[in-house]
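Have a look at the structure below, then the notes.
The values are calculated or read from the model by the stated rules, or taken from the named source; none is laboratory data. Model, not experiment: these values are computed from the prediction. Cβ placement follows ideal geometry from the backbone for every residue including glycine, while neighbour counts extend to all protein chains displayed.
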Amino acid sequence: MAEEPGILDRLHHTDSWRLFRILAEFVDGFELLSDIEAPLVSVFGSARFGPEHPAYSLAERLGRELAAAGFGVVTGGGPGLMEAANKGAYEAGGVSVGLNIELPHEQRPNKYQTHSLQFRYFFVRKVMFVRYAVGFVVLPGGFGTLDELTEVLVLLQTGKVHTFPLIALDRAYWRGLAAWIDDTLIAQGAVSAPEGKLLQLADSPAEVMSILRKES
């Protein structure tokens, strides 16, 4: 009797067909985002911080000020701080983009999106965050936010993307990471001093706007 195919055999059999889905996600993303005339700012933040969390109102104000200045806001499209940033931009009459991801928990599209895309693959979604952005703002968050933050840092460090400002909003939340970069990574030579300055800290949406206007 023939043996049942193992997991690697099943993966090899389906990988070629998976390429079509991946390609379709790239095409949909490129076509939608390239047609948006407003300069886009990607905003990252926790899906778990709701309206009761101080960062929610901070994210909402950020979205509102970005829209008022003519920037489009791009988030992961989910709840929490993503929703807040989308809400601020949406209610200000601006461009509010949600790059939604299929997850078994946490992710549900928020209702404050003027443009919406649905992704199955994280890596395709990450390309869309970066490809058309003139700036990144990182709000308080967890592992997912850290993943996005460090990936953008690596892309900037290695020159794989065009230069844009990367801003961590809420200095009190991010100062531990900034101190570790200075006191450990730079001190031990893992990162150069100029590379350590790729991440800028801000305390208010107004400070974010000042950096964006100066550098984008």
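The number of residues in the stretch 149-170 being in contact with a Leu (Cβ under 8 Å, 6 or more places away or on another chain) and of a type in the set (D, E, K, R) comes to 1. Can T184 be described as polar (S, T, N, Q), modelled with pLDDT of 95 or more and under 12 Å from the mean Cα position of the chain (by Cα)? In short, no. Taken together, L155, L166, L146 contain a single residue that is of a type outside the set (D, E) and more than 12 Å from the chain's Cα centre (by Cα), which is L155. Checked against (1) surrounded by fewer than 17 Cβ atoms within 10 Å (Cβ to Cβ); (2) touching a strand residue (DSSP E or B) at 6+ places or on another chain (Cβ under 6 Å); (3) hydroxyl-bearing (S, T, Y), T184 meets all criteria but (2). Of the strands (runs of 3 or more DSSP E) entirely within the stretch 97-215, those holding at least 1 residues that are touching a Gly at 6+ places or on another chain (Cβ under 6 Å) occupy 115-119. One residue stands out among those in the stretch 83-128 that are under 12 Å from the mean Cα position of the chain (by Cα) and surrounded by 23 or more Cβ atoms within 10 Å (Cβ to Cβ): the one that is farthest from G45 (Cα to Cα), which is M128.
For the stretch 147-159, the candidate set comprises residues that are more than 9 Å from V130 (Cβ to Cβ) and either among the basic types (K, R) or without any contact (Cβ under 8 Å) to a residue 24 or more places away in the chain (or both); within that set, the residue that is surrounded by the most Cβ atoms within 10 Å (Cβ to Cβ) is D147.
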